[in-house]
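One structure is given here, and the rest of the page talks about it.
Here, each number is a calculation from the coordinates, and none is a lab measurement. Values in this document were obtained by computation on a predicted structure and should not be read as measured data. Positions of Cβ are backbone-derived with ideal geometry, glycine not excepted, and every protein chain shown enters the neighbour counts.
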Amino acid sequence: MNHNPDEYYNRSEVSNSDLTELKNILHPRIQFGNKEAAFRFGNLVDAIITEPSRVNYYRLTVDDVQYNEDEFRHAREMHKALRMEARRDPFLAKVLAESDTQCFMVNHDQQFEYGGFPFTLDTRCKWDWWLKMFHFGGDLKTTFAASQAEFDEAVDYFDWDRSRAWYMDIARSNRDFIYAISKKNCRIFKKFIERGDEIYTRGREKYEELAFQYWCFNLY
């Protein structure tokens, strides 16, 4: 377990983001909205909630990235909504109070199998939240979903099921969770995952195929 974000992004192990990049090459699809803007705003919300030391509220920056007043106001409204939800949700309150944030794990020679063919990869993941005492963690998302049904669709469409299975198998954890904050109405959506359930199984099937393709591409 490590907390140095620069070290994480400089490492060579395979991450879920690497699988996403490979999928975009192999199976390109139409992108709706501004992907870069969504990623940038998501980083702001993540930093405010999980890495507040990186946030400068006077200069409106996260590290060296400049934001505007509207972006900061929106992000702070979403953070407030999450804190309000924690008053009604004892588990979320424990996550916000006791989890390690933005820490990463590495798994060397992780075992995979696809179509009966075994192979290994060095893998990594970086947790938004990790509950060491319970040996499982979870993910924070910002979403354009405005209802639970739309959020459920987003879990599959954006492969958040794949990322959760990937993280669970690196950590060898049996539980996982997602909390998502709507950018439209500040509603909080949640998803709890258990090893072997529908979300985990679907996500594992997704990553096994991409991991095999990644392994094949890197043979040469």
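Structural remarks
- Here E150, E69 are placed in order of increasing Cβ neighbour count within 10 Å, fewest first, which gives E69, E150.
- Helix axis angle, 35-50 relative to the chain longest principal axis, alpha carbon, degrees: 70
- Listed by chain and number, the aspartates and glutamates whose C-alpha is less than 13 Å from the C-alpha of K94, apart from same-chain residues fewer than 8 away, are E85.
- Selected from I30, I170, I181 as most flexible by GNM, with the chain as the system and alpha-carbon contacts under 10 Å: I30
- Each Lys and Arg Cβ is given +1 and each Asp and Glu Cβ -1; about its Cα centre, segment 18-123 then shows a dipole of about 540 debye.
- Here segment 196-220 and segment 52-114 have alpha carbon centers that stand 27 Å from each other.
- Rg and Dmax [Cα atoms of the chain; Å; Rg one decimal, Dmax integer]: 17.5, 56
- Summed over qualifying helices (DSSP H, 4 residues or more, each -39500 (n - 2.57)) and divided by its residue number, the chain shows a 222 nm mean residue ellipticity of -15000 deg cm²/dmol.
- Cross-link pairs beyond the 27 Å C-alpha cut-off, checked among K23/K191; K80/K206; K132/K191: K80/K206
- Dipole of the chain [Lys/Arg +1, Asp/Glu -1 at C-beta], most positive-end residue of F119, S147, Y207: S147
- Listed by chain and number, the aspartates and glutamates placed with their C-alpha closer than 15 angstrom to that of K126 are D6, E7, E13, D18, D46, E51, D100, D139, D169, D176; residues fewer than eight positions away on the same chain are left out.
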